[in-house]
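Okay, so here's the structure we're looking at.
The values are calculated or read from the model by the stated rules, or taken from the named source; none is laboratory data. In this text the structure is predicted, and so the values were computed from the model without any measurement. Note that each Cβ is placed from the backbone with ideal geometry, even for glycine, and that neighbours are counted across all protein chains shown. Areas reflect the complete protein model, heavy atoms only, side chains present, ligands, DNA and RNA absent. Shrake-Rupley method; radii C 1.70, N 1.55, O 1.52, S 1.80 Å.
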Amino acid sequence: MSVSLGMPPLPPPVVAPRRVSRKIQVGKVAVGGDAPVSVQSMTTTPTTDINATLQQIAELTAAGCDIVRVACPSQDDAEALPAIARKSQIPVIADIHFQPKYVYAAIDAGCAAVRVNPGNIRQFDDQVKQIAAAAKDAGVSIRIGVNAGSLDPRLMKKYGKATPEALVESAVWEASLFEEHDFHDFKISVKHNDPVVMIRAYQLLAERGDWPLHLGVTEAGPAFQGTIKSATAFGALLSQGIGDTIRVSLSAPPVEEVKVGIQILQSLNLRPRKLEIVSCPSCGRAQVDVYKLADAVTAGLEGMTVPLRVAVMGCVVNGPGEAREADLGVASGNGKGQIFVKGEVIKTVPESEIVETLIEEAMRIAEEMGEPMDEESAGAPSVTVG
C-alpha cells in the first residue's frame, strides 16, 4: 500500500508574523531578519577541560542545538577557547563577566560571538570603543546580555529593583554606545527570572529598535518548573513575533534545554515539525494502559526525523477520530487495536502487537519518504496529550 505523506506544500500557519529585526551573523548561523529562530544552550563542563567541553558540544549538536555558549571566568579558560572554537561544529559564544580583557581574548581565540554583561564588567562603557573595533575587525558579533541579577547599581538605585523599564534602559544605553562607534553586529537580551517581568521587558525593548533579540528566562529553575516558565514566556513573546534566538535555562543537563527549546519552536510552527506523538491522557473510558502504550511507542520511535504524526488512543470515543486525523495511529479497545494510515484502517491487531505494528508501519512510511531513522541527528519525539 503506497501512502503519500510529508510536510504540507504551503508554509504552516503561525500565530503572528515575525517582528522585522536586523540580521547579524553568529559564525555560520544567521540571527534576526528572516533567519529561523535558533536554539542555544551553554556547556556545564569546566571550559579548561577541552575534551569534556567538546564532547558536550557534540551531544548538544546532535540534539539540534544551533549555537553554544561556554564560560570564560579565568585566564585558563581563555587559553582553552581557541581549541574549542576551532573544533566545535556549531558557533561558540564566549560568556564574559567582570574582566574585559577576556572579551579581547575570546575575539582573538576565534569565537563566533562574545556575550558581555554591562552590569558587572568593570568600567564597561569606557571599553565599548575598543571592543567594537576589535569585534568588527574580526567579524565577531556581540550579545549585550542585561540580567536582573547583575543590573548596574545606578539603575537599581533609580528604579528600586530590576523592573522591565530598568532592564530596557540598560540595554538601550549600551546599544547606543556600540552604535555610536558604528558597530551594529549585536543582539540584546534582557533576562529576568519572573516570566511576567521578562515578557514586558522584551515587549518594551522591541518597540525601541530593530535589534535582534535573544530570549531567556534566567535562573528558570529545575527541569519541570523551568520548562513551564520558559514555555510560557517564550510562547507569549514568539506568538507576538518577538524573538530571534532562544535559550531555555534549566537546572538540568544542557541537552534537555535544547529539546525543550526545539519543542517550543515546533509547537508554534517556527521550526519544521518532525515526529509528533498524540496520545490521550487516559480516563475511565480507556480500555488499555495508555501511559504504558504511549511510552513504548515513544521509545520505539526515538530518533525518527520524518514529519510524522502518530496518534496513540485508548478508547472508542475520540480514538478513531484522532487516529484518522494522524498520519499513523491506533484506536484501542477490547484487547485489540485498529491501525490507521492516513485515515484508513489497514489492519486490526491484538493489544500485545500494537507497539510492534506501529513501529513497523512508521519505519515503512519513513523509508517511502526517503528518510530512514537517523539517531545521530534527532532528539526525542514530541508528545502531545489530548
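Converting the Cα gyration tensor eigenvalues of the range 96-202 into ellipsoid dimensions via √(5λ) gives semi-axes, longest first, of 24, 13, 12 Å.
Of the three principal axes defined by the Cα atoms of the range 162-201, the extents in descending order read 34, 15, 11 Å. Of the accessible area of the range 123-279, computed with a 1.4 Å probe over protein heavy atoms only, carbon and sulfur atoms account for 54 percent.
Sorted largest first, the spans of the alpha carbon positions of the chain along the three principal axes are 73, 42, 36 Å. Each residue, Arg122 and Ala58, gets one label point 7 Å from its Cα in the Cβ direction; the gap between the two is 3.9 nm. Per-residue ellipticity at 222 nm, computed for the chain from helices alone with -39500 (n - 2.57) per DSSP H run of at least four residues, works out to -12500 deg cm²/dmol. For the chain, a Gaussian network of Cα nodes joined below 10 Å ranks Gly33, Gly321, Gly261 by mean-square fluctuation, and the top entry is Gly321. Comparing Val31, Gly139, Gln127 along the charge dipole axis of the chain, the residue lying farthest to the positive side is Gln127, per the Cβ-charge model.
Give the angle, between 0 and 90 degrees and rounded to the nearest 10, that separates the Cα long axis of helix 195-208 from the longest principal axis of the Cα atoms of the chain. Approximately 60 degrees, to the nearest 10. Phi angles across the range 34-46 convert, under the Karplus curve 6.51 cos²θ - 1.76 cosθ + 1.60 with θ = phi - 60°, into 3J(HN,Hα) values of 9, 6, x, 5, 9, 10, 10, 8, 9, 5, 10, 7, x Hz, Gly and Pro given as x. Toward the positive end of the charge dipole of the range 51-97, about the Cα centre and with charges on Cβ (Lys, Arg +1; Asp, Glu -1), which of Pro73, Ser88, Gln56 goes farthest? Toward the positive end, the furthest listed residue is Ser88. So for the range 310-364, what percent of the C-alpha to C-alpha distances run longer than 16 Å? In whole percent, the long-distance tail amounts to 26.
Compared with the dominant Cα axis of the chain, that is its longest principal axis, helix 124-138 is turned about 60°. Between Asp49 and Lys161, the contour length at 0.36 nm per residue exceeds the Cα-Cα span by 36.6 nm.
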